[in-house]
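The values are calculated or read from the model by the stated rules, or taken from the named source; none is laboratory data. Remember, it's a predicted structure, so these values are computed and weren't measured experimentally. Heads up, the Cβs are rebuilt from the backbone with ideal geometry, glycines too, and the neighbour counts pull from every protein chain shown. Accessible surface is based on the protein model in full, side chains and every heavy atom, while ligands, DNA and RNA are left aside. Shrake-Rupley method; radii C 1.70, N 1.55, O 1.52, S 1.80 Å.
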Amino acid sequence: MFPSDSVRPDPDALLAQVQAQERKAARGKLRIYFGASAGVGKTYAMLAAARKLQADGQPVLVGVVETHGRAETAAMLAGLPLLPPRAVEYRGKQLAEFDLDGALALQPPLILMDELAHSNAPGSRHPKRWQDVEELLDAGIDVLTTVNVQHLESLNDVVGGITGIRVAETLPDTVFDQADEVVLVDVPADELLARLQGGKVYQAAQAERASRNFFRKGNLIALRELALRRTADRIEDDVRAYRVEKSIADIWKTGAALLACVGPRADGEHTVRSTARLASQLGTGWHAVYVETPALQRLPAAQREQILKNLKLAEDLGATTAVLSGPDIAYTALDYARGHNLSKLVLGRGHRSWPWRAPHIKRLAHYAPDLDLIEIGVPRNQPAATRSSGQDADGAAADARGALPGGWGGDADARDTAGAPSPGAGAGATDDGALGGAPQRRRVLGYIVAAAASLATALVAAPLLAYLDLANIAMLFLLVVVLVAVRFGRGPSVVATCFSVACFDFFFVPPRFTLAVTDFQYLITFLVMLAVGLITGHLTADLRFQARVAAHRERRSRALYEFARELSGALQTEQIFDTTQSFIQRAFRARATLLLPNDDGRLQLPPLNASDIATSAHLSVLDTGIAQWAYDRAEPAGLGTDTLPASRIFYLPLVAPMRTRGVLAIEPQQRRWILIPEQRQQLDTFAALAAIALERVHYIEVAQNALVSMESERLRNSLLAALSHDLRTPLTSLVGISESLAGSRPALSAAQLEAATALHDEARRMSTMVTNLLDMARIQSGDVHLNLQWQPLEEVVGSALRAVAAQLSVGGQRVSTRLPPALPLVRYDAVLIERVLANLLENAAKYTPPGAHIEIAAALHGAWLKVMVYDDGPGLPAGREEALFEKFTRGERESAKPGVGLGLAICRAIVEAHGGSISAGSGEAASPLGGALFTFTLPLGTPPAMPDEEAHE
């Protein structure tokens, strides 16, 4: 029987599993209909399932369903109850959004939420629809939804590279992976193209554009493969979770994943490369493992280095690497294979080290007949010394009990009694040469103490011979063997055993003080004593090794816990910097620093501290060019990588969910520790925690700045509105009075008339400024409602010219219009668009010289009406075309021109409220007259049909 079959389940694991099942039972179920692209029938399949559930008596509520004009999909909605949408006002428009509070109030057993990656309108509770779904699931409501493969965050860039179109709306892969059920809706590429041409995906015009861009056959085939592979990965995770939940030990050959056992022999590299080629041919993933055993602690340094290189090579070739701990290769490898449902195990062909010991491949075949075993031959050009080096059958055994590398103790104490450090001794561990004479002295000391302890036991027990039986004295010697094994390991325990047997024979067995034996039964005693001593010493040394490994893992887990706890309380970037630096230096015994980017994305060195000589020396050898490369590409560089491996520093990018947050630069005391898989995994975990902490602090700062900005904007708008209301009435009176004075020509002298006219002009200017302030405050508060009517453009152009006639007459600017006679009707708010044109004309009159030429033009541009206002003046400040549309921004920073810099901001707010856009340009390349050019667009839409006048005659 396989030993692990008799191991009892971990009570903590069972308790955690029960608690997870309880949480899952209280949470709603999520089913995702997954497809390669739009039009494969995800929404249709979701609605079909909902109708079937409704027919079976289950209440169903449609939260959001997007039909996109597809008649077949719209027909499936018939008879299904719809949740009324929530109206959200955005830039003067009413948007229909999902009513989350309404759904929670109704508490339906099942709700349909189409397009899971959809972005909600600003002002909604959550920015993304998948976050709405999470809240519904937490409330115990089951959800059916749809997702395309291009919306998965991990595949977004891959799809963008294939199609040339980068989708902005994405959702985290964790949402997809944590769904209770994924239903793949698959359609061949030719059939989907036929549906597109038949108008079943998009309307005719949109379908024609799609067929030239996204919906090319090659794109659809590639997307289909991505969707199938992603679904297969998800199903593989489901199979693994089910096997764990049901405690199924047998391997299910649902996949072709490979497990390679890699060892210290030179042909281990051949095993790695052969497994990589085999995995590539099968199109499957593969794993490569070591098994750590106490015996491999005694390997020479060259073989330890070979172990690390083989495992690093496996990782570079795409393997999932792991370091396992166990006394036996066969049992430990099978445990890993069964835990990961790996059906094929690859081993190198070796030689038995003991005549009575069966090769590991035969033992594996005996213990797991359901496992496929692949034996890799030894290359012919392999050196003879290596091919016959006494390794076991899988080419990775150092003795009869261990086949794969061990000793991943992780600290300087992870050494055997001989003093040779373990292959993965981690930060601070060094090789024999680095330790100098300390290993040799420790080795000699262990053997001397073992021999001396046996002699001392004989001398102490000799006077007690009259009081103790020989059996009791033999027990004293065995106690010494155990103590020596605990303190010094296996080698000295063997010496203690031999010395104890010799001392027992010489000092206590008749005839005493001679090694001669007269009674045959004492020979049996000696043999049993020797065997018990050797076995006891071996088991004690193994226990010592396992205890040391467990202690290191406990230290590693504690370090991660303490690091995560410290980072959770960090609220500033400086705290994260100091915490990460100190923890990594302690945990890995290496110099470390964080390089963080500035606003331009360039990494900056931290300030030098003259009192910290070690840190200053570390910073002096940092190569910011390598660090910037690692940051830009989100890939490790430097020591132990394929990019500039000669560097003495390892550069690890801090990759957070949204973006890379910096680079961690580490200078280890020993270069080879970076090759150790467990060390790299722990370091990657440290880096991930630091990256997430930096991103959390960044978004805290963003939220705080946004909150301050919103509050400042609200206070400013309130102040502007209050001032505008308070000033508007007296200014209106002042304009009227000044106009009356200016009109009283006979009663006023020339000087008085000039003063009255100047007063009237300034009053009107102040009134215009106050009106702008009031309008900006109204727009910002959302208190503007569009009165959209179908009307010609010519009328609003004429009314705008009349409104600014006085300003234009002052400077003597000439205004012309160039409007095509056949312009269609456009749906807009006449008062607001007149304001846009008036502001643009006033702006042109203000910044052009007297007598300048200003022109208003319009043209059709696709589905838009493009309106342009341009002049032959000096143009706009270079590089500030976009900044001019910000509030309180003027064309000239130190200008004597009147105004507060709100005119163009009001224009942009009004145009965007109509669903259009506005931009600015300058120079001969942009403006027909060579000066400034302002262009805004309005959507054309479909005007209503005009009544037939002849029909009424």
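Descriptive notes on the structure:
- Between residue 346 and 259, 260, 261, 374, the built amide H atoms are under 5 Å apart, and every one of these is 5 or more places off in sequence or on another chain.
- Solvent accessible area, Å² - residue 942, 1.4 Å probe, full protein context: 120
- Residues in the stretch 474-497 reached by a label modelled at residue 551 [backbone nitrogen below 12 Å; 7 Å Cα→Cβ]: 487-488
- Rounded accessible area of residue 321 (nearest 10 Å², 1.4 Å probe): 20
- Amide hydrogen neighbours beyond the local backbone of residue 656, cut-off 5 Å, H modeled: 661
- Under-5 Å amide H pairs with residue 89, H placed in peptide plane, nonlocal only: 95
- Full extension of the chain segment joining residue 86 with residue 487 gains 137.0 nm, where the gain is 0.36 nm per residue of separation less the Cα-Cα distance.
- Over the stretch 785-881, relative contact order from alpha-carbon pairs under 8 Å, at least 6 apart, %: 32
- Spin-label model distance (nm) - residue 889 vs residue 642, 7 Å beyond Cα toward Cβ: 4.5
- For the stretch 107-122 versus the stretch 327-342, the gap between their alpha-carbon centres in whole angstrom: 44
- Per residue, the solvent-accessible area of the stretch 71-125 (1.4 Å probe, heavy atoms of protein chains only, all protein chains present) comes to 50 Å².
- Note on residue 173 and residue 866: their simple-model spin labels are 4.3 nm apart, each label 7 Å out from Cα toward Cβ.
- Cα→Cβ-extended label distance, 7 Å offset, between residue 527 and residue 56, nm: 7.2
- Exceedance of the 28 Å cut-off in Cα-Cα distance is limited, within the set 93/846; 29/344; 217/344; 29/128; 128/217, to 93/846; 29/344; 217/344; 128/217.
- Backbone phi angles across the stretch 46-52, fed through the Karplus curve with coefficients 6.51, -1.76 and 1.60 (θ = phi - 60°), yield HN-Hα couplings of 5, 5, 4, 5, 5, 5, 5 Hz in residue order; Gly and Pro are listed as x.
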